[in-house]
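Q: Once you've had a glance at the structure underneath, I'll fire off some questions.
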Amino acid sequence: MNTLTVSPEARGYILKNGGEVTIRMFKGQAGCCSMLSPVVETRAPIDSEQFTAIQSDGITLYLQKDLEIMPGGVTIGLNRLLWVKKLDIHGLDILP
C-alpha cells in the first residue's frame, strides 16, 4: 500500500471507539446483478488471518488481504448525517 491517511475527525472517532478499524469488501448478489461495497467497522476482525494489520498513530487498521489499493493510497474520513457518524473509505479499486 502506498499511503494511509486518516482525517483528524475519523482518528478521534476511531480512538473513542476502541482504536481498531476493519476494512473489508462486501460481495452480494441480487438477481442478475452483483455488488461490491467496502465496509469499514470500528472493531477487530473475527478471522484476523485474512487481514493485514497496520499500526498508525495509536490506531490498528485491519485491511482485508485481497483488496486492491489505488495508486494514491487509502483515505479514511468521517461522515455525519444529523447525529449519526459513519466512517468512509476512498482509494480501493472495487471494479472487477
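Q: Show which lysines lie in cross-link reach of K27 when reach means a straight Cα distance below 16 angstrom and same-chain residues fewer than eight apart are skipped.
A: Those lysines meeting the cut-off are K65.
Q: Once you keep just the Cα pairs under 8 angstrom separated by 6 or more residues, what percentage relative contact order results for the chain?
A: 32
Q: Once you've got the GNM for the chain with C-alpha springs shorter than 10 Å, pick whichever of Q55, Q64, Q29 has the biggest mean-square fluctuation.
A: Per the Cα network of the chain with a 10 Å cutoff, Q29 tops the list.
Q: Using the Cα gyration tensor of region 55-96, with a ≥ b ≥ c the square roots of its eigenvalues, what is the shape: rounded (a/c below 1.5), prolate (a/b larger than b/c) or oblate (neither)?
A: oblate
Q: As an exercise, identify the chymotrypsin sites (Phe, Trp or Tyr not before Pro) in the chain lying in DSSP coil whose Cβ has no more than 14 other Cβ atoms within 10 Å.
A: Sparse-neighbourhood loop chymotrypsin sites (Phe, Trp or Tyr not before Pro): W83.
Q: Need one number: nm distance between label points at K27 and K86, each 7 Å from Cα along Cα→Cβ, rounded to one decimal.
A: 2.3
Q: Name the trypsin sites (Lys or Arg not before Pro) in the chain that are in a loop by DSSP and that have at most 10 other C-beta atoms within 10 Å, would you?
A: K65
Q: Then there is this: Sticking with the crude label model, points 7 Å out along Cα→Cβ, report the distance from T42 to I94 in nm, one decimal please.
A: Placing both labels 7 Å along Cα→Cβ, they lie 2.1 nm apart.
Q: Ok, one more. Full-extension gain between N79 and E9, please, as 0.36 nm times their residue separation minus the C-alpha to C-alpha distance.
A: Length difference between fully extended and current span is 24.3 nm.
Q: Here are several values of log10 I(q)/I(0) by the Debye sum over Cα atoms at q = 0.12, 0.17, 0.22, 0.23 Å⁻¹: [x] -0.47, -0.94, -1.42, -1.46; [y] -0.33, -0.68, -1.16, -1.27; [z] -0.39, -0.76, -1.20, -1.28. Which one was derived from the coordinates shown?
A: Among [x] -0.47, -0.94, -1.42, -1.46; [y] -0.33, -0.68, -1.16, -1.27; [z] -0.39, -0.76, -1.20, -1.28, the one calculated here is [z].
Bear in mind that the values in this text are calculations on the coordinates, not laboratory data. Remember, it's a predicted structure, so these values are computed and weren't measured experimentally. Cβ coordinates were reconstructed from backbone atoms using ideal geometry, including for glycine residues, and neighbour counts include every protein chain displayed.
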